[in-house]
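Chemist: What follows is a structure written as structure tokens; I'll ask about it next.
The values are calculated or read from the model by the stated rules, or taken from the named source; none is laboratory data. Note that the structure is predicted; figures quoted are calculated from it, not measured. FYI the Cβ positions are ideal-geometry reconstructions off the backbone, even for glycines, and counts take in every protein chain you see.
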Amino acid sequence: KQEVTQIPAALSVPEGENLVLNCSFTDSAIYNLQWFRQDPGKGLTSLLLIQSSQREQTSGRLNASLDKSSGRSTLYIAASQPGDSATYLCAVNDYKLSFGAGTTVTVRA
Amino acid sequence: DAGVTQSPTHLIKTRGQQVTLRCSPISGHKSVSWYQQVLGQGPQFIFQYYEKEERGRGNFPDRFSARQFPNYSSELNVNALLLGDSALYLCASSPGPAEKLFFGSGTQLSVL
């Protein structure tokens, strides 16, 4: 059974600081890994998808890396802004998505 | 193009009742999945349908059922509601089973 863990559970940083969010998973037989953002009471917004054959993906201030052999992914958010405050979820796809519990980020102005 | 649409957005039911949640996928997407998210936790997989056939089922009781229609829309049914079924129910669509998923805004179900 796939287990996904996200550390830390919560993070509070001043505006402008870089964010590092970690995700680990137990079974490396995956198709891809997705990072999502979720605002309170809302659905999930896809941020980045990394295929199992890729090492990283970038979109604007976001960069995600994947080390499938060690079962780890990291999401970097550069120059954080108050609008980045949300819960960030990683999910591994082995025909279904298995989610971590998320990291709740607060960016202080 | 419209994204994934779910209806209703909010629903209040009492224990023992039955509920039907609806989902319309992005045009051209043939795979629909359902997830349950309890407050403070990550979403849990319930069902996946592709080309109108069930492709996967999570660890949920038989009270949960779903189907996919010829136009690829989907319904999730929950019978004999329990207090613990209170959650945000999310629908996601993708072109195929192992491709990028796009989520709807969810249906918030409260069971009293």
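Chemist: Applying the selection to region B:56-90, what residues are facing chain A (nearest Cβ under 9 Å) and either aliphatic (A, V, I, L, M) or buried (at least 21 other Cβ atoms within 10 Å of the Cβ) (or both)?
Modeler: Matches in region B:56-90: B:Leu88, B:Leu90.
Chemist: Moving on. What number of residues in region A:71-88 are part of a loop (DSSP other than H, G, I, E, B) and among the aliphatic types (A, V, I, L, M)?
Modeler: Just the residues of region A:71-88 that are part of a loop (DSSP other than H, G, I, E, B), to begin with: A:71, A:78-81, A:85.
This time we only want the ones that are among the aliphatic types (A, V, I, L, M), so: A:78-79.
Here the count works out to 2.
Chemist: Within region A:20-47, take every residue that is buried (at least 16 other Cβ atoms within 10 Å of the Cβ) and more than 10 Å from chain B (Cβ to nearest Cβ) and give me the one that is farthest from the chain's Cα centre (by Cα).
Modeler: A:Phe25
Chemist: Then there's this: Pull up region A:48-70, narrow it to residues that are within 20 Å of A:Tyr95 (Cβ to Cβ), free of Cβ contacts under 8 Å to residues at least 40 places away in the same chain and not in a strand (DSSP E or B), then point me to the one that is nearest to the other protein chains (Cβ to nearest Cβ).
Modeler: A:Ser52
Chemist: Can you pull out the residues in region A:89-109 that are over 20 Å from A:Lys68 (Cβ atoms) and either more than 7 Å from every other protein chain (Cβ to nearest Cβ) or in a strand (DSSP E or B) (or both)? Break it down stepwise before answering.
Modeler: So the first thing to find is which residues in region A:89-109 are over 20 Å from A:Lys68 (Cβ atoms), and the list is A:101-109.
Residues satisfying the conditions are A:Thr103, A:Thr104, A:Val105, A:Thr106, A:Val107, A:Arg108, A:Ala109.
Chemist: Pairs under 7 Å by beta carbon, first residue more than 9 Å from chain A (Cβ to nearest Cβ) and basic (Lys, Arg) in region B:26-52, partner surrounded by fewer than 22 Cβ atoms within 10 Å (Cβ to Cβ) and not in a loop (DSSP other than H, G, I, E, B), six or more apart or different chains?
Modeler: Sorted first by the residue in region B:26-52, then by its partner, the pairs are B:Lys30/B:Tyr50.
Chemist: Of everything in region A:1-44, what is assigned to a loop (DSSP other than H, G, I, E, B) and β-branched (Val, Ile, Thr)? Give them in sequence order. Spell out the reasoning first.
Modeler: The initial filter retains those residues of region A:1-44 that are assigned to a loop (DSSP other than H, G, I, E, B), namely A:1-3, A:8-9, A:15-18, A:26-31, A:39-43.
Once the filter is applied, which keeps residues that are assigned to a loop (DSSP other than H, G, I, E, B) and β-branched (Val, Ile, Thr), region A:1-44 yields A:Thr26, A:Ile30.
Chemist: A:Lys68 - would you say it is at pLDDT below 95, more than 20 Å from B:Val4 (Cα to Cα) and not small (Gly, Ala, Ser)? Working first, answer last.
Modeler: Details: at pLDDT below 95: yes; more than 20 Å from B:Val4 (Cα to Cα): yes; not small (Gly, Ala, Ser): yes.
Here the answer is yes, as A:Lys68 does meet what is asked.
Chemist: Among the residues of region B:73-109, count how many are of a type in the set (Ser, Thr, Tyr) and either in a strand (DSSP E or B) or more than 20 Å from B:Thr9 (Cα to Cα) (or both).
Modeler: Step one: filter region B:73-109 for residues of a type in the set (Ser, Thr, Tyr), giving B:73-74, B:86, B:89, B:93-94, B:105, B:107.
From what's left, either in a strand (DSSP E or B) or more than 20 Å from B:Thr9 (Cα to Cα) (or both): B:74, B:89, B:93-94, B:107.
Count: 5.
Chemist: If you scan region B:61-72, which residues turn out to be out of contact with any Ser or Thr (no Cβ under 6 Å at 6 or more places or on another chain), outside any loop (DSSP other than H, G, I, E, B) and not small (Gly, Ala, Ser)?
Modeler: Result: B:Phe64, B:Arg67.
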